[in-house]
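Enquirer: Shown below is the structure under consideration.
The values are calculated or read from the model by the stated rules, or taken from the named source; none is laboratory data. Worth saying up front: this structure is predicted, and the values here are computed from it rather than measured. Every residue, glycine as well, gets a Cβ built from its backbone with ideal geometry; the counts of neighbours run over all protein chains shown. Note: accessible area is taken over every heavy atom of the protein model, side chains too, but ligands, DNA and RNA are not part of it. Shrake-Rupley method; radii C 1.70, N 1.55, O 1.52, S 1.80 Å.
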Amino acid sequence: MQTGKIGVTTENIFPIIKKFLYSDHEIFLRELISNAVDATQKLKTLANLGDYKGDLGDLAIRVEVDPKKKTITVTDQGIGMTMEEVEKYINQIAFSSASEFLEKYKNQENAIIGHFGLGFYSSFMVSDKVEIFTKSYQEGAKAVKWECDGSPEYKMEESEKDTRGTKIILHIDKESKEFAEEYRVEQLLKKYCRFLPVPIAFGKEKEWKDGKEVELDKDKIINDTNPLWTRKPADLKDEDYKKFYQDLYPMADEPLFNIHLNVDYPFKLTGILYFPKIKNNIEIQKNKIQLYCNQVYVTDSVEGIVPEFLTLLHGVIDSPDIPLNVSRSYLQSDSNVKKISGHITKKVADRLQEIFKTEREQFEKKWDDLKLFIEYGMVTEEKFYEKAEKFALFKNTDNKYFTFDEYEKLIKENQTDKDKSLIYLYATDFEKQYSFIESAKKKGYDVLLMDGQLDTHFINHLEQKLKNSRFTRVDSDVVENLIRKEEKRESKIPKEQQDDLVPVFKGQLPGNANFAVTFESLDEQDNPVLITQSEFMRRMKDMAKMGGGFGFYGEMPDSYNVVINSNHPLIQRIAEEKIKKTEKDIEKLDEKIKPIEANKSEIDTANKNKKPEEISQEDKDRIEDLEKKIRELKDKREKVLTEFGTRNKLVKQLIDIALLSNNMLKGEELNKFVKRSIELL
Ligand code: ADP
C-alpha cells in the first residue's frame, strides 16, 4: 500500500472547496458523471481505432444511492485507470488544478459561476470520504483502490475488481445528507444529465401489477442520448421539434417557429432555438435557453453569451467553445463568445427572413406574437436592425400588414407634408382613439396601430432610422394639422371675435389639467370642439412613465389643446349669441378702455427714446395708474364673457362631448352631461 501527501501548498484544501462552492454544491454529480462519460467515450474511440479489441459490453453508467449507508456510487465501464494514472491524474494534476482554481477565485466568490475545472475534487463538497475503485482497459492491468477522507492525505493500493472501468463511492457528510436521498439525486440527474450521450441507469423500471408497483429487471435509463439538436435537420419533422419543445417546457404554449443551429467553423455550436409566443411582460420571458457543453447541462442563464434580445427565445445551445469557468464580464469580452453571439443573431435574422419570404401569410398571422421580440432586437442590436428592416411589419388599423418599404409607398403621396417630411400616423389605442382614426381615414390617410409594449421606444428609433420621416399620433392634433399642407381655409369668425370666445369656453373647462384654447378653420363637417395632446408632451410623459430619465415631464400636469372649429355652424351660433347677449356691456367697457389706452400710448410715445431712469416719476406713476385701470376693465370684460359662457348650455355641451370622446368625462360630470343632453332634446 502506498500512502502519501497530495503535493500542494494549501494546508487543507477541502474546507476551502466547501466554503467557496457553497451555492453550487449540487454540481458534484455532474462532474463525476461527466468524467464517467469521457472515460466511456474514450474507450469507444479506442475500440473504433482498433486499439481496444475486447468486448465493450453494456456501457451504461450506473448511479446508485444508499440512504442507509449515506453513499452515492457512480460506476462506469470506461477506460479506467492504472495506478500510475491515478497517481498522475488524481493525485497530481487534478489536485493541483483544483487548488489553482481556488487560489485564483479565493477572493471573488461571485466569479465562480462557471463550474467546470474543479472536476473530481468537487465531490469533497458533499463527502467526508471518497473511494475510487478502478481497473484500466489495458491488458493485464491491476485494479486500484484509492481513498481520501478530506485531509490532504490519500491511500492507494492494489485491489480486487473484476470489471473494467471506474467506480466512485462518495460517503456523504452530515451537512449534505439531502444528497443521499433517491429523489434528490433523481432531481439532479434530470437537471444535469438529461441529454448526456451515454445511457445513465438509475434504479429499475417499475410497473403496476395487481394494484402494486413492482420493480422490473430492466434498468431505468434517465437520459436521451441523441437529443434532437444532435440530429440532422433533414431527418426531422415539424412534429419532432414541437415534441422536443414540449419536453423542455411542459407548461408553455406551442412555439411559433424554430431554428436548428449547426456550426462547425470557426467554432462548434449546435442547438435549437424556438420563438415563443411572447406575452406582454418581457422580464418573465427571459432566460429560458439552456446552455450545454457536449450535452452536459451547464446553466439556463445565457446572459452575456447571446445578445439581450435573444434571451427571449427558448431552446438549447450546445457549444464546447464557450469558456465556462470565467466570470460574466470576462465572457462578454471573449472573442469566441462575441463570434458566437454575432452568429446566432445572424442565424435568427436569416431564419425570419426565410419564413417571411416563403410563408408570408403564416408570418403575418404570427406577427402579433413575434413583434415584441423583433422590435426589441431592432432597437438594441444594430446588426439585427439591418436585416430585420426587410421583414419587420407595420400593422395598420384595418389589420393589414406592410413591410417598411411597402408602407412608405402606400403613404408617400398623401402623407408628405409641405416640408417634404413623410408623416406616419399611428394610434396606440384603437377604441379610445377611434374618432380620430376615423377622421384621418376619411381624409384618405392611413393609420398604423402601435399598441405594443415597446412601441414608444420603437417609434423613437424609427424616426432616427427612416429618412425625412416623423411619427405623429392621430389624436395629437386636429386632422387638418396632422399633416401640414400649403393651403389654408378662411375662417368664418374674424380674429377679434375668436379672442372674445376664448374666455367663453375657457371658463367651462375642468380644472384638473392645463387647457389651451385655440381656433382652427376646419371643415364644417368636422367636430365643433376637439381635445388633443401634443405629440411632444405626450411622448415625454410616456418616457417618464417608463423611467427613461424624463422625470421632469412626469411631474407636470397633463396639458391639452382645446381646438374650436370656427367654421362649424354650432360655433357660429354661439358667436352670434355671444354678440347678442354681451354686445351692450362689452361696448360700454370698450368705450371706457379706449381713451385710457389712448392716454397711455400718448405718454409712451413721449417717452419713447428715453432710458427708464430718464422718465420722470410723475409719468411713471401715471402709467402705472392707467395700466391698473385697463387691467380692471379688461377683467370685467372677461367676466362678462365668462358669465355668458356659464349660462350658455351649448358651450358646456360641446366641451363635454369633446371630453367624452377622449374618455375624459367621468363621474358626476358625466352624469350632469347625460341629464343636460336629455333636457336639450
Ligand atoms: P478533468 O475531468 O477536468 O480533466 P477531473 O479532476 O475531473 O478533471 O479528472 C482528472 C482526470 O482523472 C481526468 O482527466 C481523467 O484522466 C481521470 N479520471 C477522472 N474520472 C475518471 C473515470 N471515471 N475514468 C477514467 N479516468 C478518470
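Enquirer: Report whether or not GLY80 is on the phi > 0 side of the Ramachandran plot and more than 11 Å from the ligand (Cβ to nearest atom).
Expert: no
Enquirer: Report yes if LYS652 is under 22 Å from ALA516 (Cβ atoms) and at pLDDT 90 or above, otherwise no.
Expert: Taking the combined requirement at face value, the residue satisfies it.
Enquirer: Evaluate the stretch 27-43: report whether one residue or more is away from the ligand (no atom under 11 Å from the Cβ) and at pLDDT below 90.
Expert: yes
Enquirer: Determine which single condition LYS412 fails, assuming it passes every other condition in (1) open to solvent by 30 Å² or more (accessible area, probe 1.4 Å); (2) touching a residue at least 60 places away in the same chain (Cβ under 8 Å); (3) assigned by TED's automatic domain parsing to the domain that holds PHE471.
Expert: All conditions pass for LYS412, except number (2).
Listed here are the residues, each with its yes/no results for (1) acidic (Asp, Glu); (2) more than 21 Å from LYS346 (Cα to Cα); (3) not assigned by TED's automatic domain parsing to the domain that holds GLY342.
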{"residue": "GLU361", "(1), (2), (3)": "yes, yes, no"}
{"residue": "ASP369", "(1), (2), (3)": "yes, no, no"}
{"residue": "TYR401", "(1), (2), (3)": "no, yes, yes"}
{"residue": "THR416", "(1), (2), (3)": "no, yes, yes"}
{"residue": "LEU422", "(1), (2), (3)": "no, yes, yes"}
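Enquirer: Pairs under 7 Å by beta carbon, first residue within 20 Å of ALA180 (Cα to Cα) and open to solvent by 50 Å² or more (accessible area, probe 1.4 Å) in the stretch 65-92, partner among the charged types (D, E, K, R) and within 10 Å of the ligand (Cβ to nearest atom), six or more apart or different chains?
Expert: none
Enquirer: Follow-up question, since we're still on this one. Got at least one residue in the stretch 600-618 being farther than 26 Å from SER534 by Cβ, in contact (Cβ under 8 Å) with a residue 24 or more places away in the chain and among the charged types (D, E, K, R)?
Expert: The answer is yes, given that some residue of the stretch 600-618 is farther than 26 Å from SER534 by Cβ, in contact (Cβ under 8 Å) with a residue 24 or more places away in the chain and among the charged types (D, E, K, R).
Enquirer: I'd like to check something: does the stretch 650-661 contain any residue that is open to solvent by 80 Å² or more (accessible area, probe 1.4 Å), in a helix (DSSP H, G or I) and without any contact (Cβ under 8 Å) to a residue 40 or more places away in the chain?
Expert: no
Enquirer: Could I ask something else about it? Confirm whether SER96 is surrounded by fewer than 17 Cβ atoms within 10 Å (Cβ to Cβ), modelled with pLDDT under 95 and within 15 Å of the ligand (Cβ to nearest atom).
Expert: Considered against the rule, which asks whether it is surrounded by fewer than 17 Cβ atoms within 10 Å (Cβ to Cβ), modelled with pLDDT under 95 and within 15 Å of the ligand (Cβ to nearest atom), SER96 comes out as yes.
Enquirer: Being within 11 Å of the ligand (Cβ to nearest atom) and touching a strand residue (DSSP E or B) at 6+ places or on another chain (Cβ under 7 Å) is the filter here, so list the residues in the stretch 126-143 that pass it.
Expert: Residues satisfying the conditions are ILE132, PHE133, THR134, LYS135.
Conditions (1) polar (S, T, N, Q); (2) at positive phi; (3) open to solvent by 20 Å² or more (accessible area, probe 1.4 Å); (4) modelled with pLDDT of 85 or more, marked per residue:
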site	(1), (2), (3), (4)
GLU520	no, no, yes, yes
SER534	yes, no, yes, no
GLY549	no, yes, yes, no
GLY554	no, no, yes, no
PRO557	no, no, yes, no
VAL562	no, no, no, yes
ARG573	no, no, yes, yes
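Enquirer: What pairs come up if the first residue lies in the stretch 254-270 and is over 23 Å from ILE374 (Cα atoms), the second is open to solvent by 30 Å² or more (accessible area, probe 1.4 Å) and among the polar types (S, T, N, Q), and their beta carbons are under 7 Å apart, counting only those six or more places apart or on different chains?
Expert: Taking only residues 6 or more apart or on different chains, the pairs are PHE267/ASN336.
Enquirer: Next question, about the same structure. Listed residues LYS594, LYS578, LYS588; which is crowded, with 18+ Cβ neighbours inside 10 Å and either at pLDDT 80 or above or assigned to a loop (DSSP other than H, G, I, E, B) (or both)?
Expert: Result of the check over LYS594, LYS578, LYS588: LYS578.
Enquirer: Of the residues ASP451, ASP499, ASP429, ASP446, which single one is crowded, with 20+ Cβ neighbours inside 10 Å and among the acidic types (Asp, Glu)?
Expert: After applying the criteria, what remains is ASP446.
Enquirer: Shifting gears a bit: If we keep just the residues of the stretch 137-181 that are part of a strand (DSSP E or B) and hydroxyl-bearing (Ser, Thr, Tyr), which is surrounded by the most Cβ atoms within 10 Å (Cβ to Cβ)?
Expert: The extreme case among them is THR166.
Enquirer: Out of the residues in the stretch 58-87 that are within 22 Å of ASP128 (Cα to Cα) and in a helix (DSSP H, G or I), which is modelled with the highest pLDDT?
Expert: VAL86
Enquirer: Quick one: would you say GLN285 is surrounded by 16 or more Cβ atoms within 10 Å (Cβ to Cβ) and modelled with pLDDT under 85?
Expert: Answer is yes for this residue.
Enquirer: Can I ask one more? Restricting attention to the stretch 662-679, which residues are open to solvent by 80 Å² or more (accessible area, probe 1.4 Å) and either under 43 Å from the mean Cα position of the chain (by Cα) or of a type in the set (Lys, Arg) (or both)?
Expert: LYS666, GLU668, ASN671, LYS672, LYS675
Enquirer: Now for a separate question. Condition first: closer than 14 Å to PRO307 by Cβ, without any contact (Cβ under 8 Å) to a residue 60 or more places away in the chain and either surrounded by 20 or more Cβ atoms within 10 Å (Cβ to Cβ) or among the hydrophobic types (A, V, I, L, M, F, W, C) (or both). Now tell me which residues in the stretch 370-393 satisfy that.
Expert: Selection gives ILE374, ALA388.
Enquirer: Another question about this same structure. Could you list, in sequence order, all residues of the stretch 167-211 that are within 16 Å of the ligand (Cβ to nearest atom) and in contact with a helix residue (DSSP H, G or I) (Cβ under 9 Å, 6 or more places away or on another chain)?
Expert: ILE168, LEU170, TYR192, CYS193, LEU196, PRO197, VAL198, ILE200
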